[in-house]
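Here's the structure, in structure tokens; my notes come after.
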Amino acid sequence: MTESPLWPLVVYFFAVIALVLIILGLSSLVGPRSTMQRATIEPFESGVVGIGSSQIPISVEFYLIAMFFVIFDLETVYIFAWAVAFFELGLFGYLAISVFILILVVALIYEWKSGALDWGVKKRVGLRE
Amino acid sequence: MSGLQLQALLPIITLSSLILIQMMFIAFARNLRLTVSISVIALLLTALSFFPMVDHLPISATPLIQLDGFALFYSGLVLLGALMVTFLSYDYLRDQGERQDEFFMLLLLSCLGALILVSSNHFASFILGLELLGVSLYTMMSYPTRGLFTLEAALKYLILSGVSSAFILFGAALIYAIEGKLGFTELAGMNHTSAASGQFILLMGSTMIFAGIMFKLSLAPFHLWTPDVYDGAPAPVTAFLATVSKGAIFALALRLFTTTGLIDLDPLLRGLSFVAMVSILAGNLLALLQDNVKRILAYSSIAHMGYLAVAFVVAGKAGGQIMAMEAASYFLFAYFLTTLLAFSVVTIMSIADHEVDTTNLGDYEGLFWRRPALAAVFTATLLSLAGIPLTAGFIGKFYIFSIGVAAEAWLLMAFVVIGSGIGIFYYLRIIFAMTKAPRTDVKIEIPTASGWVAVVLTVSLVLFGVYPSPIIDLIGELMISFG
Amino acid sequence: MTEAVMVPMEHGLALAAILFSIGLIGVMVRRNIILILMSIEVMLNACGLAFIVAGARWGAADGQIMFMIILTIAAAEVSVGLGLLLQVHRRLRTIDIDSASRLQG
């Protein structure tokens, strides 16, 4: 392995910092000073005036979907790992991943039936009155 | 994979498939009685599925799972605890809200995690078991819709438990970096092989794992979460946390430290002695200041984990391993019976209450006049916790004491004696509170399932306190096939 | 394995240790529960990094498998954490951890 010299990296690092300092310094020296005006604190200074707060309450369903996404997204990691080694694993691997997917399917059916996937009004299957 | 190995996985397969079946029943025909029946059947079938392999021990099925007598004994304890908690939770949850079925599924999942944990022989199965146990437990804690305390306890436990899992994982990564192996048996005899810098990383890694496990067992410098979580969690879940969760983690720790030889690291052994002493002292002294039964039980469990840590220290001394394991196993058995019984009394007291559990010492005043049977049961528990003769707790403590003497750990023994002395004081305080004049005349209903749990546990508590030899023989027989 | 592995293992472990410490400090200092959960995620991922580094040293897949397991665990922990958080928010209207301190140790 050939040892590549380190100094270009160091020069580059300092060059970047110097460039940033120069740009910031010049613009504050040369640029126009703006005083606090009526529209200064607006999000878009010369654009459309915003209405209301951006902190609107988000529906709980989004969180639920996000959680399902996190869980089911990760299962692909395992399935992908199995797919990569498909031929080496052979029949045993196939059976193992089938069990794995079966469990996922059962979980999905459960989620569906218990109304977690419904948007808006939950069906709430099988609740005692 | 051979038939024998498949047989060794049978308990795990049985329990998992029954959980799936239960899940489908919950999805299509939600019925609390049915769900609970499936839970009970699942636990019994799992217990039965251990029997075909009794003659073939030890079996290692895949590098992850090692089934030996040790694992068998602790699996039995886990299943017993889970069964009792199932009955208690049924009474506790029955009249609250509508969606209680999933709780029992989570209970089974948690139990599955504990089963994996006690037979785990590899860091991968260790972590999987630990998290399966933990994640289900947080959800169970926050399950009842009464009050905010449960949520708060669950959140606290989630955060601290996540941190401690991270510690264990990082420690495992450091050990893997030096040794290149993750299986416990393969790691045996490490820390003699590598260079000085490797030694340092190994010690770091072991210390981090050690700290993580100390946290989960709520041993002294890491015990601060215990009273809050015990107090906030619903009583049956606290029972599960105190027995099944801690018992499984203790079994795993014992296996991890003895098979890998981590226990031979001198700094760790010294740290362990220190932790044992501080736990015994802190648990017993802080319990004196409490007026809340659940908190007293929490501090008492810290002290009991301290006594168990004594067995750990003895296991690290030359020739003490099998002896220490036998003592620890009996002690844990007694602790299981006693703690389950204590929390079943708290559960029965709390069922009528819909906001928080009935835990103030004042609420227990006059219990002897209101419900003599319940008070008698609670008295038996407290005497067993204090280690008074004729109870299982006495035999357990005596066992610990005798191995301590045999290993000549005099300083530790002094702490055990002092701790037990202080302990009697606060246990008696609860008993005296129960004999006072009652404040109310409200009748305490004793539900059938919980009542039977209390009866069975009381009988075994006294029976194994008077006549402990069957269990001692069983433990002795099972521990032979360790490793 | 070719000899193109240029980063020594100790450096990788040191980076993982730094990340782990940042996460730990985050858990201890932050008061917002979401940020605490994020810090736990940082800690768990630091463990994952340590496993990857260690696995690269031995040229074995063990480290990467452990990383996958860690990813799964982190997802499960955080999902449950978010669920609890939603419940807390619904009842308290805040996610500041100090307001959830009715239990005093």
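The values are calculated or read from the model by the stated rules, or taken from the named source; none is laboratory data. Please read these numbers as outputs of a predicted model, since none were measured by experiment. Heads up, the Cβs are rebuilt from the backbone with ideal geometry, glycines too, and the neighbour counts pull from every protein chain shown. We work out accessible area using only protein heavy atoms, side chains counted, and drop any ligands, DNA or RNA first. Shrake-Rupley method; radii C 1.70, N 1.55, O 1.52, S 1.80 Å.
Brief remarks on what is shown
- For the set B:Arg94, C:Arg30, B:Arg99, B:Arg30, the ranking by accessible area, highest first and with no ligand, DNA or RNA atoms included, is C:Arg30, B:Arg94, B:Arg99, B:Arg30 under a 1.4 Å probe.
- Rolled with a 1.4 Å probe across the full set of protein chains, the surface gives B:Ser75 an accessible area near 0 Å².
- Contact surface C-A: accessible area buried, both sides summed, square angstrom, 1.4 angstrom probe: 1000 Å²
- C:Glu10/A:Ile71 FRET efficiency (R0 41 Å; Cβ-Cβ; nearest 0.05): 0.70
- Exceeding the 24 Å Cα-Cα cut-off - candidates B:Lys397/B:Lys436; B:Lys156/B:Lys216; B:Lys317/B:Lys397; B:Lys294/B:Lys443; B:Lys246/B:Lys294: B:Lys397/B:Lys436
- Among B:Trp369, C:Trp58, A:Trp82, the sequence by solvent-accessible area, most first, with a 1.4 Å probe is B:Trp369, C:Trp58, A:Trp82.
- Principal axis extents of the C-alpha atoms in chain B (largest first, rounded to whole Å): 71, 56, 41.
- Ordered by solvent-accessible area of protein heavy atoms (1.4 Å probe), largest first, the residues C:Ile25, B:Ile430 come out as C:Ile25, B:Ile430.
- Orientation-averaged projected area, Cα convex hull of segment B:364-478 (nm²): 8.7 nm²
- Nearest-0.05 FRET efficiency for B:Val442 and B:Ile322, computed from C-beta distance (R0 51 Å): 0.50
- Rolling a 1.4 Å probe across all protein chains gives B:Trp410 an accessible area of roughly 150 Å².
- Solvent-accessible surface (1.4 Å probe) assigned to B:Asp473 amounts to roughly 100 Å².
- Two-site label geometry, B:Ser402 and B:Gln199: point separation in nm, points 7 Å out along Cα→Cβ: 3.9 nm
- Working note: Debye formula, equal point scatterers on the alpha-carbon atoms of segment B:1-64, no solvent; log10 I(q)/I(0) at q = 0.15, 0.18, 0.22 Å⁻¹ is -0.54, -0.68, -0.85.
- Measuring between their Cα centroids, segment B:43-59 and segment B:296-372 lie 28 Å from each other.
- Chain lengthening between B:Asp95 and B:Val466 when straightened (0.36 nm per residue, less Cα-Cα): 129.7 nm
- Using a probe radius of 1.4 angstrom, the carbon and sulfur fraction of the accessible surface of segment B:3-480 is 71%.
- Between the listed residues B:Leu34, B:Leu107, B:Thr440, the Cα displaced farthest toward the positive end of the dipole of chain B, a dipole computed from Cβ unit charges relative to the Cα centre, is found at B:Thr440.
- A 1.4 Å probe run over the protein assembly as shown, with the rest of the protein chains in place, finds 44 Å² accessible per residue.
- Shielded by partner chains, segment A:103-117 residues - at least 10 Å² of accessible area, 1.4 Å probe, vs chain alone: A:Ile103, A:Val106, A:Ala107, A:Ile109, A:Tyr110, A:Lys113, A:Ser114
- Ratio of Rg to Rh over segment A:60-114 (Cα coordinates, Kirkwood Rh, two decimals): 1.09
- Put simply, the amide H of B:His122, placed in the peptide plane, has neighbours under 5 Å in B:Phe184, leaving out anything fewer than 5 places away on its chain.
- Gain upon complete extension [A:Asp118, A:Ala81; 0.36 nm per residue less C-alpha separation]: 10.2 nm
- Accessible area buried, both sides summed, chains B and C with 1.4 Å probe, Å²: 3600 Å²
- Carbon plus sulfur fraction of accessible area for segment A:60-114, probe 1.4 Å, in percent: 83 percent
- Modelled FRET efficiency - R0 30 Å, A:Leu89 with B:His56, Cβ distances, 0.05 increments: 0.60
- Considering every alpha-carbon pair of the protein assembly as shown, the percent of pairs per 10 Å bin, from zero through the bin containing the longest distance, is 3, 13, 24, 25, 18, 9, 5, 3, 1, 0.
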